[in-house]
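For reference, the structure discussed in these notes is given below.
The values are calculated or read from the model by the stated rules, or taken from the named source; none is laboratory data. It should be emphasised that the depicted structure is a prediction, and the values quoted were computed from it without experimental measurement. Virtual Cβ from ideal backbone geometry, glycine too; neighbours counted across all protein chains shown.
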Amino acid sequence: MNKKKMNDRQKTYILMIIPALVLFVAFNTIPLITGAMYSFTNYRGYGSYDFVGLRNYIDLFSDSRVGNSYLFTFKYAIAGTILVNLLSLLLALGLNSKIKCKSLLRGVYFLPNILGGLIIGYIFSFIFTYIIPAVGSALHIGFLENSILASEKFAWIGVLIVGVWQAVAMNTIIYISGLQTIPADIYEAGMIDGASRWQTFKDLTLPMLMPFVSTNLILSTKNMLMVFDQIMALTKGGPAQSTESISYLIYKNGMDGGQFGFQSANAVVFFVVIVTISIFQMAVTNKKEEQL
Amino acid sequence: MSGSKRSFVPQPIEAKVKSADEIKNDKGGKSSVFLTILLVLGCVTILFPLYMTIIIAFKSPSEMTNDINGALSLPQSFSLDNFAEAMRVTDFWHSLGNSIVITAATIILSLVIHSMAGYAIGRNMNRKKGFKMIYFYIVSGMFVPFAILMMPLVKQTANLGLDNMAGVVILYTVFYMPMNVMLYSGYMKNVPMAMEEAADMDGSSAWRTYWTIIFPMMKPMHATVAVLTALGTWNDVMTPLVIMSGSDNVTLPLAQLNFQTQFGTNYNLAFASYLLALLPIVIFYIICQKQIIGGVANGAVKG
Amino acid sequence: MNKAKTAKSLLLLAAFSSTLLLQGCSADKYSDGKIHITMLQYKPEAVKAFEKIEERFNATHDNIHLDIESPNEAMTVLKTRLIREDYPDIVGIGGDINYSNFLDAELFADISDLDVVNTIKPAYLQIDKDLEFIPQEGVYALPYAANAAGILYNKDMFDANGWEIPQTWSEFLSLCETIKETGTNPLYFGYKDTWTCLAPWNALAVGLAPADVCSRVNSGDTTFKAEYREVADKIKVLLDYAEPNPYAYSYNDACTAFARGESAMYPIGSYAVPQILSVNPDMNIDSFPFPANENEADNVLNSGIDLQFSVMKESKNKEAAYEVLRFLFEDETIQIYLDDQGGVPCKEGDFELPKFLSGMEQYINDNRMSDFHDHHYPSEMSVDALIQTYLMDSSANSAETFLDRFDTEWVRYNRDLIAKVKKYEEGQR
């Protein structure tokens, strides 16, 4: 009787996972394999094509444009991840302390997360092109007088500002919920010791928050590495190709240009890179969590 | 470390705690005003772009001059002409309807399919290798760049007759599967097995137990999944652009992209249409703000 | 029990809604017994003209229904349709590298048996022939409208100041100096949109470099470094006469600025005129070919095919597609298009040239024209971004850096093509 029950249970489990599995295989794994297959061809996206062996992969490592897109993407992702996590941690601490209009403020700070990246990009593009230079020339602040998006050196910062503006919201909420899992009596104990605010934060809050830090780090690194919408709306990879992210290059030359095969190879490598980084991050933060 | 410090706490603990509390309250009282002001000031960075969008959307092109005043002063009159024109050009109600249908259908499918998978995985992944492998297999999908899937998917959906809204819904269900399965299976860790065992005793089948007891119990996670999935699908441009191209149906963000290329010179009209595209989700957000923030937070804690 | 019901109804709803979606979208659209012809054209800005044309066609034809699509991101849309083998019957695209690639992929049908072909000006048919990677038998595209690129100028401003149209490069520079002294920008660029860098580039290149430079490089006879040096030097000089920091402004911004009289001239193609007029409908715009040389006789007008039609090989209704093409090439239809979009008709006949092309008319009539060089550049090489990079590079040897890069990247992006052409040429021998 009991055994029969177990079998029924197991069968049900398997039955329940099948729809998801079928969909996933059909619309994720199969296209992924197809795409990976194209990476060994010189397919343009239409017409006939030939297999070219590993040529695309060899080219990847000698292609300066791909190299630059990796440099930009990593620069952007590292700066973005650090900034986002610092800002959202500060915001979370602020929004979690005794303040007035707490829920209203939280509501406002979460707002950027619900707005579409493309439209936000268009709006910020206007701000960077017209409003900030106008402010700069009115106040005679030299470095503001030119649009940041037009500068080969600094355009990436413009993209970064918008990316961070949007990403902070989500991480803040995650940190706030992390802070709320910390029982209040721990702080009271800290108070008794007469620990300074910084000490309390460093010795009590941060260790308790570690799982949330790792979640946030992994999430924001991944999102920052895949930056696309902001580039599309703000710079289209310019000026002087200084803001071409990997995702943007794959889309632009794979879809618009005739490099589908080559960019598939780029995407395969990119996939491996992202997975490696995430696994590495997980391993490191897990270790940290255990240590504390 | 902190534990060892705690043992040094001297005897009259009651009094000490009280005074600490008082100090904390005092400090809290002062800093709350300061912090509140600081945080309100911070809000300006969030609200300024939106303020600007609103006023530019109401202005006429002649009111736009190249100084700060031209961009930031209030419009002479709050005329709705720009909005009427933008709505006409983007076929607003039709695109809005499409966006709603796609998002709603995606949510329903996600709740059903992902919760089942998450449940099955969450109940078995610690005991059975197979389920654990399936878990990592699905979650790794989170890291696949869309660009590599795009072209094969275009071909595949077309071959299956899914180059339409239904196809977009199915693709979204797959795209959000890694995150949602992770959330659901994580949530199951907190639900004791005793629930099912009790139901089993009553002779209920596992299938029925799931739908009568477990599924309703996952309600907080359903809210989270619905919110996160909705935010992602509502704002997405690429999927409908490549999958539904050629059909007459566009979604709200897609209409926006079209608008941008066609009417880019008229900033007032463009901003009116941006605002129209942002409005539905902002309204929805204002109504369901607690649930949305709560949902996201829940995902972070339980997932 | 109640909860079970909720769950079940939810499931039902999901199943129901998904089948509904499936049915709603896969239902057969065509049940009126007519032959349906789908045409996809890539100029979204011409949507109004094509709506009018579509309406007129359907009103006069009982057995054929024409459906014209003018989507944005048309090339992405077209390519995704090719992938999913959902071919339109007719495509309207530009005479550029995309046409060469599509033709090379054998997507287009030979339409040399269509009578309309004989009414097209041979010069334009030749431009399409030159775009073929490997020479083909037959006709695969019908040129519809050409554009011309050079300098657009604010006629009222020129008349008011008594400025003369320059004939040579030094006359052009001294005109720019004169205008600059009045406090107006002589030129305006929208270099934030990198493709606009190609407008002055092409206009200079047709006058300073051989028309077949790309195929000559492919066969190893010359290098870009040798042929493009002067073009590179001159395009950089133009920056002195434009608004500061042109990389901050987009194409739209530049059109708006020119329309509002913030600059006297605008080095861009005639395709920008409808955009400019949408900002300032009363503006008096005229144009002249880019005076790239010191000798006026060496100057050439930069003109290429802006819109041309091809019938897809996969079209099942070639006869009906021909009927649509015949209608498109009726003089009245062409006039509808020209009234809306301007441009130069590719059909022989007495069409009224738009006013803003009067400064280029002589060149058009004398056939002193040459196609845009970038119509031969592979789009994934992003020559526009290379030019933008070069313009922003202020080091002394920037031109060398740029031209060296041009040559090396050209080989990298064109090697399959070069190999293909070599193979073909060897086969010919």
Can you list the helices (runs of 4 or more DSSP H) lying wholly within segment A:175-292 that have 2 or more residues being in contact with a Phe, Trp or Tyr (Cβ under 7 Å, 6 or more places away or on another chain)? A:206-225, A:229-234, A:246-251, A:260-291
Residues that are among the hydroxyl-bearing types (Ser, Thr, Tyr) and either in a helix (DSSP H, G or I) or at pLDDT 95 or above (or both), drawn from segment C:172-182: C:Ser174, C:Thr178
Please return the ranges of helices (runs of 4 or more DSSP H) entirely within segment A:1-115 where 1 or more residues are loosely packed, with under 15 Cβ neighbours inside 10 Å and of a type in the set (Val, Ile, Thr). A:2-24, A:30-38, A:55-62, A:64-96
Residue count, segment B:223-236, condition over 9 Å from the mean Cα position of the chain (by Cα) and surrounded by fewer than 22 Cβ atoms within 10 Å (Cβ to Cβ), comes to 1
From C:Ala146, C:Ala109, residue being touching a helix residue (DSSP H, G or I) at 6+ places or on another chain (Cβ under 9 Å) and more than 30 Å from C:Pro281 (Cα to Cα): C:Ala109
State yes or no: is A:Phe212 more than 10 Å from chain B (Cβ to nearest Cβ), over 13 Å from the mean Cα position of the chain (by Cα) and within 22 Å of A:Thr285 (Cβ to Cβ)? no
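Which of the residues spanning segment A:176-199 are within 30 Å of the chain's Cα centre (by Cα) and free of Cβ contacts under 8 Å to residues at least 24 places away in the same chain? Quick ask: steps written out before the conclusion?
Keep residues of segment A:176-199 that are within 30 Å of the chain's Cα centre (by Cα), which gives A:176-182, A:198.
Once the filter is applied, which keeps residues that are within 30 Å of the chain's Cα centre (by Cα) and free of Cβ contacts under 8 Å to residues at least 24 places away in the same chain, segment A:176-199 yields only A:Trp198.
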In segment B:145-170, which residues are at the interface with another protein chain (Cβ under 7 Å from one of its Cβ atoms) and among the β-branched types (Val, Ile, Thr)? B:Ile148, B:Val154, B:Val169, B:Ile170
Across segment A:159-195, the tally of residues that are among the small types (Gly, Ala, Ser) and either closer than 21 Å to A:Tyr109 by Cβ or buried (at least 24 other Cβ atoms within 10 Å of the Cβ) (or both) stands at 5
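Somewhere in segment B:94-109, is a residue over 20 Å from the mean Cα position of the chain (by Cα) and either among the aromatic types (Phe, Trp, Tyr) or under 26 Å from B:Thr251 (Cα atoms) (or both)?
There is at least one residue in segment B:94-109 that is over 20 Å from the mean Cα position of the chain (by Cα) and either among the aromatic types (Phe, Trp, Tyr) or under 26 Å from B:Thr251 (Cα atoms) (or both).
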Restricting to segment C:285-323, what's the tally of residues that are of a type in the set (A, V, I, L, M) and more than 23 Å from C:Cys346 (Cα to Cα)? 2
Which listed residue is touching a helix residue (DSSP H, G or I) at 6+ places or on another chain (Cβ under 9 Å), assigned to a helix (DSSP H, G or I), over 20 Å from A:Phe27 (Cα atoms) and without any contact (Cβ under 8 Å) to a residue 40 or more places away in the chain, from B:Ile213, B:Ile134, B:Ile148: B:Ile213
Answer yes or no: is there a residue in segment B:181-199 that is part of a helix (DSSP H, G or I) and within 24 Å of A:Gly254 (Cα to Cα). no
Among all residue pairs at least 6 apart or on different chains, which show Cβ distances below 7 Å where the first residue, located in segment C:418-429, is modelled with pLDDT under 85 and the second is acidic (Asp, Glu) and surrounded by 10 or more Cβ atoms within 10 Å (Cβ to Cβ)? none
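Taking segment A:134-175 as the search range and keeping residues that are more than 23 Å from A:Leu89 (Cα to Cα) and in contact (Cβ under 8 Å) with a residue 60 or more places away in the chain, which one is nearest to the other protein chains (Cβ to nearest Cβ)? It would help to see each step written out before you state the result.
Kept after step one, since they are more than 23 Å from A:Leu89 (Cα to Cα), are these residues of segment A:134-175: A:134-156.
Next cut, in contact (Cβ under 8 Å) with a residue 60 or more places away in the chain only: A:149-153, A:155-156.
Values: A:Leu149: 7, A:Ala150: 4, A:Ser151: 8, A:Glu152: 5, A:Lys153: 10, A:Ala155: 9, A:Trp156: 14 Å.
Of everything passing the filter in segment A:134-175, A:Ala150 is nearest to the other protein chains (Cβ to nearest Cβ).
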Tell me which residues, restricted to segment C:178-230, are among the β-branched types (Val, Ile, Thr) and within 14 Å of chain A (Cβ to nearest Cβ). C:Thr194, C:Thr196
Filter the helices (runs of 4 or more DSSP H) completely within segment C:1-115 down to those with at least 1 residues that are of a type in the set (Gly, Ala, Ser), on the phi < 0 side of the Ramachandran plot and modelled with pLDDT under 90. C:2-26, C:74-83
Scanning segment C:233-275 residue by residue, the ones that are small (Gly, Ala, Ser), within 14 Å of chain A (Cβ to nearest Cβ) and farther than 16 Å from C:Asp393 by Cα total 4
Filtered residues of segment C:94-129 (kept if within 13 Å of chain A (Cβ to nearest Cβ) and either within 19 Å of C:Phe327 (Cβ to Cβ) or not aliphatic (A, V, I, L, M) (or both)): C:Asp96, C:Asn98, C:Tyr99, C:Ser100, C:Asn101, C:Phe102, C:Asp104, C:Glu106, C:Phe108
May I ask you to say which residue of B:Ile121, B:Ile107 is among the hydrophobic types (A, V, I, L, M, F, W, C), in contact (Cβ under 8 Å) with a residue 12 or more places away in the chain and at the interface with chain A (Cβ under 8 Å from one of its Cβ atoms)? B:Ile121
Exactly one of C:Phe108, C:Phe133 is closer than 30 Å to B:Pro240 by Cα and aromatic (Phe, Trp, Tyr), and that one is C:Phe108
Residue list for segment C:134-167, restricted to those being in a loop (DSSP other than H, G, I, E, B) and either under 19 Å from C:Met312 (Cβ atoms) or aliphatic (A, V, I, L, M) (or both): C:Ile134, C:Gln136, C:Glu137, C:Gly138, C:Val139, C:Tyr140, C:Ala141, C:Ile165
Helices (runs of 4 or more DSSP H) within segment C:355-429 that include 3 or more residues surrounded by fewer than 19 Cβ atoms within 10 Å (Cβ to Cβ) and in the same structural domain as C:Asn154 (by TED's automatic domain parsing): C:398-428
Would you point out the residue of segment C:255-276, among those that are part of a helix (DSSP H, G or I) and aromatic (Phe, Trp, Tyr), that is farthest from C:Pro186 (Cα to Cα)? C:Tyr271
Enumeration of residues in segment C:353-398 that are free of Cβ contacts under 8 Å to residues at least 40 places away in the same chain and under 19 Å from C:Tyr266 (Cα atoms): C:Glu361
